[in-house]
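The values are calculated or read from the model by the stated rules, or taken from the named source; none is laboratory data. Treat the numbers as computed from the prediction; the structure is a model and nothing was measured. Here Cβ is always computed from backbone atoms with ideal geometry, including for glycine, and neighbour counts include all displayed protein chains.
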Amino acid sequence: MNEHDRDRMKKLLQQALRPVGADAEPARDLWPAMLRRLDEESVTPVRAGFNWAWFDGALAAGLVVIVASFPAAIPLVLYYL
Amino acid sequence: MQNGTSDVLNQFRQGDADAFETLFRLHQRAVYGWILRIVRDPSAAEELTVESFWRIHRAHARFEPAQGFEGWARRIATHAALDWLRANRTRRAESELSTETVAEVAASAAPDPAVTAEIRLKTAQAFGRLPPKLRIAATLAVVEDQPQKDVAAALRISVAAVKLRVFRALRLLKKDLEGQGITP
């Protein structure tokens, strides 16, 4: 795409989407919505304990499979824990 | 006045709720306007303004008063808008535009009479299909005619990267339109 094409594409885009302009403002005062958001977040309980990711679950499952398949490996696993 | 502003910024950094409200009231219009330029949907822009200030509130301890509030808030707002564009892109059918955008395109008169309403609508639709990262750079730099250094600062990339993203956006747009039989 050469410079001429680029200028034409810019002009086309400017005709398709008009600029919003600098004088846009919200239709309402957003502070009450902000306060609601702050209140919601402050009452949301924080989950206690561990948050298990899928990877943690996969590791634990793998460990169980190894231990079940090779009971002799239990001392080795305990050694590395 | 300068000392007053500096005090508010320092108090905000320490988590003062009144300072946060002062900054919200001072900057909500500018943040809303910036987000609206990106998402072009007034109700989404209102929600995202609240979301941006929520992120600002959470990050107060990382705020550096010496760097100023406006640029920092703009960066956070830009990322909130980018997240929205990404989520919205996967939620919506790709060619679908918001009702506001379709009405805007249909109602506006093009300075060039050769550019019909249909071409403008297809251009707007093709633009909506661009990857959000390219779309945001092109919206701000081309449609909204914002200085490239401001766009670069808001996106936390270099001016050269802004130019590259705009170039890629225009090239993809051209290719999409040509695929529909429109020669721009």
Restricting the range B:46-55 to residues that are in contact (Cβ under 8 Å) with a residue 24 or more places away in the chain and not charged (D, E, K, R), the one surrounded by the most Cβ atoms within 10 Å (Cβ to Cβ) turns out to be B:THR49
Can you spot a residue in the range A:15-35 that is among the polar types (S, T, N, Q), crowded, with 16+ Cβ neighbours inside 10 Å, over 28 Å from B:LEU26 (Cβ atoms) and at pLDDT below 90?
-> yes
Residue tally, condition assigned to a loop (DSSP other than H, G, I, E, B) and within 7 Å of chain B (Cβ to nearest Cβ), over the range A:1-26 = 9
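Name the helices (runs of 4 or more DSSP H) wholly within the range B:1-99 that hold at least 3 residues that are outside the structural domain of B:PRO131 (by TED's automatic domain parsing), among the hydroxyl-bearing types (Ser, Thr, Tyr) and modelled with pLDDT of 90 or more? Can you show your working first?
Working: elements: B:2-13, B:17-39, B:42-58, B:69-91.
Once the helices (runs of 4 or more DSSP H) in the range B:1-99 are filtered for at least 3 residues that are outside the structural domain of B:PRO131 (by TED's automatic domain parsing), among the hydroxyl-bearing types (Ser, Thr, Tyr) and modelled with pLDDT of 90 or more, what remains is B:42-58.
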